Ligand code: SF4
Ligand code: SF4
């Protein structure tokens with residue numbers, strides 16, 4: 001089971017990435033083995049006055065994914081993701097599909 | 001009597017009204033600077049610091065020897081201030097609300113509470129004005145809590161003026177709740193009117209008696225006056241758009257010290273607020 005989470009504003013692989021993490025609209029959870037995906041919404045974090053990044057990191061952890069691709073991950077969220085053993089990669093612009101392709105080709109920069 | 005000065009957004013002259021009114025009243029008055037993220041009344045009143053009180057909340061601290069990483073504390077905390085990712089809990093004191101719930105739910109009694117500073121409340125003597133100001137620690141999110149602790153330290157008799165933070169969110173509610181009357185400061189521009197309308201909605205929702213102060217009157221149009229008339233909102237004062245007032249402000253001086261004739265405007269504002277407060281059923 002290897003899953004990758006990508007922050008997105010849409011609901012398909014062609015949808016644009018969302019450069020925000022804590023305040024991202026949705027998460028697309030892509031399963032690299034079965035090549036299928038599901039989209040989960042981030043409304044719980046969006047509704048939080050504070051700690052949106054932490055709450056989003058918990059949602060990502062719940063999907064079982066060990067890889068996250070987003071634009072910008074704040075320090076608190078990064079601490080939570082790291083504690084959950086989730087690798088973070090940064091990728092700006094473009095679509096979810098392109099982010100996945102760049103990840104497969106090992107072209108993404110890891111967020112420490 | 002508690003009188004608050006608020007505005008739908010920053011930069012409308014709320015500070016000018018608060019400090020000049022405080023100085024004009026003359027006999028012992030207490031001014032509470034509740035704009036705790038950026039208190040600036042002291043820049044104009046220039047007093048001597050009398051006391052400083054650190055405000056803390058209890059935040060969790062986990063004893064690693066007792067904790068078995070069960071995750072109960074993280075599941076309980078709705079603020080995500082304690083988070084369990086399988087290993088030892090991660091704690092984020094800046095967003096903790098100090099409710100103590102995590103310590104109660106911990107089955108291993110592994111959580112004890114330690115003090116975490118959210119800010120300070122300072123008392124300054126500024127001649128006839130006693131200034132109480134809150135200063136929120138950078139990074140703390142507990143603005144309303146610090147505002148409440150400023151207010152808890154206020155005098156229980158005499159005149160208390162509250163300089164509320166700008167806007168219409170929770171910190172403003174924390175600052176104006178309990179006031180007997182509120183002055184909403186605005187500018188006579190379309191933007192000013194828009195922010196004023198939001199502030200008016202808030203006052204009505206809170207059920208507080210209020211009126212409007214137009215700052216820099218004459219610089220814009222009459223829309224604010226027309227709106228107040230249509231909505232039957234009392235106009236409490238109009239502060240002229242005099243560049244000497246702006247100059248005084250930019251030098252950290254009080255307009256009423258430089259232009260003594262201005263005192264009448266602020267005294268009349270004070271009287272009208274008192275009258276508003278007394279009208280209340
Ligand atoms: S004290 Fe309350 S807010 Fe703070 S971490 Fe514990 S449960 Fe969360
Ligand atoms: S509830 Fe207590 S024992 Fe369980 S993870 Fe939290 S601190 Fe550790």
Whole-Å distance, taken between Cα centres, linking the stretch B:147-212 and the stretch B:29-48: 16 Å
Taking every DSSP beta bridge with both residues inside the protein assembly as shown, roughly what % is antiparallel (nearest 5)? 55 percent
Mean other chain Cβ within 10 Å across B:75-83 is 4
So if we plug the beta-carbon distance of residue B:128 and residue B:56 into 1/(1 + (r/R0)^6) with R0 = 30 Å, what FRET efficiency do we get, rounded to 0.05? 0.40
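Over the stretch B:187-244, what is the relative contact order in whole percent, taking alpha-carbon pairs under 8 Å and six or more residues apart? Walk me through the numbers before you get to the answer.
Values: 68 pairs, mean separation 24.8, N = 58.
Here the relative contact order equals 43 percent.
For B:85-92, what's the mean count of beta carbons from other chains sitting within 10 Å of each residue's beta carbon?
On the way: counts 11, 4, 3, 1, 1, 8, 0, 6.
Partner-chain Cβ atoms within 10 Å, mean over residues of B:85-92: 4.
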Distance between the stretch A:70-106 and the stretch A:1-67 - C-alpha centres, whole angstrom: 10 Å
Across A:52-61, the residue-averaged tally of Cβ atoms belonging to other chains within 10 Å stands at 3
If you restrict to DSSP beta bridges whose two residues both lie in chain B, what percentage is antiparallel, to the nearest 5? 45 percent
Percent antiparallel among DSSP beta bridges confined to chain A, rounded to 5, stands at 70 percent
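Take every Cα pair under 8 Å in chain A that's 6+ residues apart, average their separations, divide by the length, and report that relative contact order as a whole percent.
Relative CO of chain A lands at 28 percent.
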If a/c stays under 1.5 just call it rounded; otherwise compare a/b with b/c (prolate if a/b is bigger, oblate if not). Do that for chain B, with a ≥ b ≥ c from the square roots of the Cα gyration tensor eigenvalues. prolate
What 222 nm value per residue comes from the helices of chain B, counting each DSSP H run with n ≥ 4 as -39,500 (n - 2.57) and dividing by all residues, nearest 500 deg cm²/dmol? -10000 deg cm²/dmol
Quick one: if the Förster radius is 51 Å, what FRET efficiency do residue B:267 and residue A:98 give, using the C-beta to C-beta distance and rounding to 0.05? 0.15
Which residue fluctuates most in the GNM of chain B (Cα springs below 10 Å): B:252, B:218, B:139? B:139
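Kindly provide the helix-only [θ] at 222 nm of chain A, computed as the sum of -39,500 (n - 2.57) over DSSP H runs of four or more divided by all residues, to the nearest 500 deg cm²/dmol?
The helix-only estimate for chain A comes to -8500 deg cm²/dmol at 222 nm.
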Can you tell me how chain A classifies by the Cα gyration tensor, rounded, prolate or oblate, using a/c under 1.5 as the rounded cut? rounded
Residue B:27-residue A:59 FRET efficiency (beta carbon distance; Förster radius 51 Å; 0.05 resolution): 0.30
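Below 8 Å, C-alpha to C-alpha, sequence gap of six or more: please give me the relative contact order for the stretch B:57-117 in percent. All intermediate terms of the calculation are to be shown ahead of the outcome.
Working: 122 pairs, mean separation 28.6, N = 61.
The value is 47 percent.
Where a number appears in this text, it was derived from the coordinates with a stated rule and is not lab data. Not measured: the values here are computed from a predicted model. Neighbour counts run over all protein chains shown; Cβ positions are idealised from the backbone, glycine included.
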